[in-house]
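K.L.:
My structure is below; once you've seen it, I'll send some questions.
Derivation of every value follows stated rules applied to the coordinates shown; laboratory data play no part. Since this is a predicted model, take the numbers as computed values, not measurements. Cβ atoms come from the backbone with ideal geometry, glycine included; neighbour counts cover every protein chain shown.
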Amino acid sequence: MIRPHRFRPNPQTAADNTFQRPADHDVSREAYDVCTQVAERLTEAGVRVHVFEDEGDAHPDSVFPNNWFSTHAGGRVAVYPMYTPNRRGERRADIIEMLKAQYRVQEVIDYSGLEPDDLFLEGTGAMVLDHVSRIAYAVRSNRCDPVLVERFCTVFGYEPVVFDAVDPDGVPIYHTNVMMCIGTDIALIGLDAIVGDARRDEIARRIRETGRTLIELTAQQVASFAGNALELRGRGGERMLVISETGYRSLTDEQVQTLSASCRIVPVDVAPIELAGGSVRCMLAGIHLDAR
């Protein structure tokens with residue numbers, strides 16, 4: 001996690017992120033405190049959390065590290081090309097060095113050199129990875145180039161499932177992880193956002209074939225960040241689903257009951273962060289490496 005110093009809705013990302021909302025006051029202090037509270041809540045639940053301070057004040061979206069790197073079993077780390085210029089400076093060598101020092105990292109594969117060619121793939125925002133069935137779900141967008149998805153999947157051993165998805169106004173969904181979440185035995189997804197009946201049915205079928213219970217999200221629930229959740233492992237291997245209070249409150253009683261049968265639900269209040277068009281899942285860059 002990154003504690004942001006000058007958090008604010010990013011004007012460079014506003015053009016294609018319809019989840020963003022303008023802030024009517026300076027929320028940088030609130031965002032910093034919220035990040036601290038989430039880290040403390042997860043630590044109390046037995047999750048190992050690494051917290052870094054932001055560097056400088058030029059990166060309004062620094063609180064979202066999952067977009068610029070991801071980690072993978074077998075000791076591999078991927079570094080990604082970012083769509084907007086003021087997000088490219090979020091990439092930090094000290095974080096990669098920390099991973100190498102505390103975990104078994106065999107290889108770092110850096111795709112960021114593809115930015116001059118206008119090829120972008122914003123990490124686990126652009127792709128939702130099924131680590132068990134080895135499927136990479138990816139919504140085509142400015143931040144997710146299908147060519148790079150294919151390249152990533154070839155190197156890391158995933159099957160690419162690329163599709164188009166739009167909000168109720170027909171605007172493309174900017175990141176896959178705002179509309180879907182894959183857990184151990186559940187999946188949250190805004191199926192109605194997927195373009196094309198056949199494609200929608202195919203993706204639902206693929207998810208169900210992996211043995212997961214599929215929980216369909218409405219457009220309003222997606223807009224409330226109910227899909228921007230992440231399953232983590234806590235003390236004793238306990239599975240927990242971290243979701244924002246906004247997203248949690250949008251769920252029906254039946255959906256909550258289904259989720260609770262799979263894992264412990266951990267709602268966290270990240271309302272100031274959500275002004276920037278992302279929620280708690282975007283704040284968490286997962287570690288799938290073996291500790292040293």
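K.L.:
Out of the GluC sites (Glu not before Pro) in the range 30-91, which ones are loop residues according to DSSP with at most 14 other C-beta atoms within 10 Å?
P.N.:
Qualifying residues, ordered by number: Glu55.
K.L.:
State the antiparallel share, in %, of DSSP beta bridges confined to the chain, rounding to the nearest 5.
P.N.:
The answer is about 50 percent antiparallel.
K.L.:
Out of all DSSP beta bridges in the range 98-226, what portion is antiparallel? Express it as a percent rounded to 5.
P.N.:
Around 55 percent of the beta bridges assigned by DSSP in the range 98-226 are antiparallel ones.
K.L.:
Here's a follow-up. With θ taken as phi - 60° and the coefficients 6.51, -1.76 and 1.60, list the Karplus ³J(HN,Hα) couplings across the range 283-291 in order, rounded to whole Hz; mark glycine and proline as x.
P.N.:
7, 10, 9, x, 10, 10, 10, 7, 5
K.L.:
Now for a separate question. Work out the length of the dipole vector of the range 167-213 about its Cα centre, built from +1 on the beta-carbon of each Lys and Arg and -1 on the beta-carbon of each Asp and Glu, and round it to the nearest 20 debye.
P.N.:
Here the range 167-213 has a charge dipole of around 200 debye.
K.L.:
Determine, at each q value in 0.09 (inverse angstroms), the log₁₀ of I(q)/I(0) that the Debye formula gives when each Cα of the range 140-292 is one equal point scatterer.
P.N.:
Treating every Cα as an identical point scatterer, log10 I(q)/I(0) equals -0.29.
K.L.:
Here is a further query. Tell me, how many Å apart are the Cα centres for the range 123-187 and for the range 92-111?
P.N.:
Spelled out, the Cα-based centre of one part sits 23 Å from the other.
K.L.:
Once the Cα gyration tensor of the chain is found, what semi-axes does its equivalent ellipsoid get, as square roots of 5 times the eigenvalues, in whole Å, sorted largest first?
P.N.:
Semi-axes, largest first: 24, 22, 21 Å.
K.L.:
Fewest first, what order do Val149, Val222 take by the number of other Cβ atoms within 10 Å?
P.N.:
Val149, Val222
K.L.:
Further, regarding this structure: Based only on other Cβ atoms within 10 Å, what is the fewest-to-most ordering of Ser260, Ser224, Ser244, Ser279?
P.N.:
Ordered from fewest to most neighbouring Cβ atoms within 10 Å, Ser260, Ser224, Ser244, Ser279 come out as Ser260, Ser224, Ser244, Ser279.
K.L.:
Mind putting together the pair-distance distribution for the range 202-289? All Cα pairs, 10 Å bins, whole percent per bin, short to long.
P.N.:
P(r) for the range 202-289, in whole percents per bin: 16, 46, 34, 4.
K.L.:
Pop out the ³J(HN,Hα) list for the range 44-61 in order, Karplus 6.51 cos²θ - 1.76 cosθ + 1.60 with θ = phi - 60°, rounded to Hz; leave Gly and Pro as x.
P.N.:
Each residue's phi maps through the Karplus curve to give 4, 7, x, 8, 7, 10, 9, 10, 10, 7, 4, 10, x, 10, 9, 10, x, 9 Hz.
K.L.:
Using a 10 Å cut-off around each Cβ, can you sort Asp110, Asp167, Asp253, Asp145 from fewest to most neighbouring Cβ atoms?
P.N.:
The fewest-first ordering by Cβ neighbours comes to Asp253, Asp110, Asp167, Asp145.
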